Amino acid sequence: MDVPLVLSHRLPAPVPLDELDECPVSDLLRRVGDRWSVLLIVLLGRRSHRYNELHRAIEGISQRMLTRTLRGLEVDGLVSRTVHPSVPPSVEYDLTPLGRSLLRPLSALAEWAVRHGGEIADARKAQLNT
């Protein structure tokens with residue numbers, strides 16, 4: 001039987017909180033599970049963008065939150081930041097090779113969500129009606 005790795009990995013019972021905090025899967029889900037990271041990764045997966053282009057491309061994101069999210073993605077090695085010497089300086093963001101390698105698994109997750117979104121919505125409605 002073809003069992004996904006996530007199910008074949010033996011977990012201790014109970015799962016220690018420090019182990020959960022250090023889990024690379026949980027760590028990645030915390031990163032991409034925020035409101036803006038996946039959208040930024042998708043936009044940067046299409047092409048590099050200047051900061052103001054990104055800010056204009058995402059309705060509702062504050063400059064502070066855009067900066068924080070980009071910095072977090074940069075710290076994680078998913079996004080690169082290039083400063084071009086000009087007046088004023090121009091800053092461009094792009095995905096790193098590591099960031100690009102995340103596009104396929106994100107696409108699979110997105111396809112699954114679209115395919116099963118109706119079922120999830122129906123389950124939520126059923127729970128509210130009980």
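For the chain, take the longest principal axis of its alpha carbons; what is the angle in degrees between that and the long axis of helix 103-128, to the nearest 10 within 0 to 90?
The two axes meet at around 50 degrees.
Quick query: amide H of SER90 versus all other amide H atoms, modeled in the peptide plane; which residues come in under 5 Å with a sequence gap of 5 or more or a different chain?
Placed amide hydrogens put HIS84 under 5 Å from SER90.
Under a point-charge model restricted to the Cβ atoms of Lys and Arg (+1) and Asp and Glu (-1), what is the dipole moment magnitude of the chain relative to its Cα centre, in debye to the nearest 20?
Approximately 500 debye in magnitude.
Across region 34-46, in residue order, what do the Karplus-derived ³J(HN,Hα) couplings come to in whole Hz, using 6.51 cos²θ - 1.76 cosθ + 1.60 with θ = phi - 60° and x for Gly and Pro?
For region 34-46, the Karplus curve yields 6, 6, 10, 4, 4, 4, 5, 4, 5, 4, 6, x, 7 Hz.
Test of understanding: what is the full-extension gain from ARG68 to ARG124, defined as 0.36 nm times their sequence separation minus their Cα-Cα distance?
Gain on extension, ARG68 to ARG124, equals 16.9 nm.
Counting C-alpha atoms alone, how compact is the chain: give Rg to one decimal and Dmax as a whole number, in angstrom.
Cα-based Rg and Dmax for the chain come out at 18.5, 62 Å.
If you average 1/r over every pair of different alpha-carbon atoms in region 66-115 and take one over that average, what Kirkwood value in Å do you get? Provide the component values of the computation, followed by the final result.
Values: mean 1/r = 0.0806 Å⁻¹.
That comes to 12.4 Å for region 66-115.
Let me have the relative contact order for the chain, percent, based on Cα pairs under 8 Å that are six or more residues apart.
Working: 79 pairs, mean separation 26.5, N = 130.
Taking the mean separation of contacting Cα pairs over the length of the chain, I get 20 percent.
Region 63-130 to region 5-41: how many Å between their Cα centroids?
Region 63-130 and region 5-41 have Cα centres separated by 16 Å.
Using only protein heavy atoms and a 1.4 Å probe, report how much of HIS116 is accessible, in Å² to the nearest 10.
50 Å²
At 7 Å along Cα-to-Cβ for each site, give me the label-to-label distance between SER101 and LEU17 in nm.
Distance between the two pseudo-spin positions: 3.3 nm.
The values are calculated or read from the model by the stated rules, or taken from the named source; none is laboratory data. In this text, all values refer to a predicted model and were calculated from it rather than measured experimentally. So basically every Cβ, Gly included, is an ideal-geometry build from the backbone, and we count neighbours across all protein chains shown. Remember, those area values only see protein heavy atoms, side chains included, never the ligands or the DNA or RNA. Shrake-Rupley method; radii C 1.70, N 1.55, O 1.52, S 1.80 Å.
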